Amino acid sequence: MTADEAPAEIESGRRIASFGRRSGRKLRPGQRELFDETLPVRSLDLDRVRGQGPKSVFATPPQQVWLEIGFGAGEHVVWQAGRNPSVGIIACEVFRNGIVTCLRELEAAALDNVRLYTEDARELLDALPDQSIDRAFILFPDPWPKIRHHKRRLISPETLDTLSRLLVDGAELRLGTDDAPYLRVMLAVACGHPDFEWLATRPADWRVRPDDWPQTRYEAKAIEAGRPPAFLRLRRRSRQAGA
Ligand SMILES: C[S@@+](CC[C@H](N)C(=O)[O-])C[C@H]1O[C@@H](n2cnc3c(N)ncnc32)[C@H](O)[C@@H]1O
């Protein structure tokens, strides 16, 4: 059995994987080159993150560090990186074909303010120091609809506790989903978390995608399939206020 064929549980070690397959169509030679040669240059070193913090992984230390977990083919991270040059974005994804597409777009746009982590994002979360992230995105995470797969869902009390630790006071957390049962989980686990404040005051605030939140590939497919997406914006509460 090759690594690509291995069940996700085995690949992910001690944790139950929150992702499905890690590879799809065989990479063409140009894609292979991006994966073998460009990815190492644009990847981050976990020990460096652990020891010196996430700003240290960028060529020019950014004013803020944003984090995207499960970037798919990278439409969102590439868009944000282009519009926010003073921000460094750490983006995580394990699906090889998506990683390659993202690398191609980063190269085409000559963007150097993105660093990729291409193993289980939860390893990166463990390595990040407290209050080191200024904004986080988890957009359309796999909904894992079968009951026996619910334990694979990325949005869980444990993940929210971790994000609470990592985000600075006032930092924004953005979550998106097109899956009604998963939305209910997000509302309970994230909007109901004591360290987070849900920023919606009216239905349009979660039904209409904000202007600075570009459409992802997954969202476009959801709309095509008649599944309306929800856009949740939350703010990390101030630690002082709770003291
Ligand atoms: C349904 S897709 C959505 C992709 C993208 N955000 C979009 O909206 O088009 C979810 C993605 O999250 C990735 N993913 C899930 N768990 C992950 C983890 N623990 N670490 C890194 N990526 C993960 C999967 O590989 C998958 O590509």
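When Ala127, Ala109 are screened for being at pLDDT 95 or above, within 14 Å of the ligand (Cβ to nearest atom) and among the aliphatic types (A, V, I, L, M), only Ala127 passes.
No other residue among Asp195, Asp211 is among the acidic types (Asp, Glu) and over 20 Å from Asp126 (Cα atoms) apart from Asp211. Can you work out which of the residues in region 139-181 that are within 11 Å of the ligand (Cβ to nearest atom) and part of a helix (DSSP H, G or I) is farthest from the chain's Cα centre (by Cα)? Within region 139-181, the match that is farthest from the chain's Cα centre (by Cα) is Arg152.
Are any of the residues in region 43-64 surrounded by fewer than 22 Cβ atoms within 10 Å (Cβ to Cβ), among the aromatic types (Phe, Trp, Tyr) and either farther than 28 Å from Asp178 by Cβ or in contact with a Gly (Cβ under 9 Å, 6 or more places away or on another chain) (or both)? Yes, there is a match, as at least one residue in region 43-64 is surrounded by fewer than 22 Cβ atoms within 10 Å (Cβ to Cβ), among the aromatic types (Phe, Trp, Tyr) and either farther than 28 Å from Asp178 by Cβ or in contact with a Gly (Cβ under 9 Å, 6 or more places away or on another chain) (or both). Inspect region 79-92 for any residue being open to solvent by 20 Å² or more (accessible area, probe 1.4 Å) and in contact with a helix residue (DSSP H, G or I) (Cβ under 9 Å, 6 or more places away or on another chain) and give the result as yes or no. Checked region 79-92: no residue is open to solvent by 20 Å² or more (accessible area, probe 1.4 Å) and in contact with a helix residue (DSSP H, G or I) (Cβ under 9 Å, 6 or more places away or on another chain).
Residues in region 11-66 that are outside any helix (DSSP H, G or I), closer than 22 Å to Leu154 by Cβ and touching an Asp or Glu at 6+ places or on another chain (Cβ under 9 Å): 13 in all. In region 93-144, which residues are touching a residue at least 24 places away in the same chain (Cβ under 8 Å), closer than 15 Å to Gln31 by Cβ and open to solvent by 10 Å² or more (accessible area, probe 1.4 Å)? Residues satisfying the conditions are Glu93, Phe95, Arg96, Asn97, Thr101, Arg104, Glu105, Glu107, Thr118.
Considering region 184-228, the residues that are assigned to a helix (DSSP H, G or I) and basic (Lys, Arg) include one that is nearest to Gly98 (Cα to Cα), namely Arg217.
The values are calculated or read from the model by the stated rules, or taken from the named source; none is laboratory data. Because the structure is a prediction, the values reported are computed rather than measured. Every residue, glycine as well, gets a Cβ built from its backbone with ideal geometry; the counts of neighbours run over all protein chains shown. These accessible areas exclude ligands, DNA and RNA; they are computed on the full protein's heavy atoms, side chains included. Shrake-Rupley method; radii C 1.70, N 1.55, O 1.52, S 1.80 Å.
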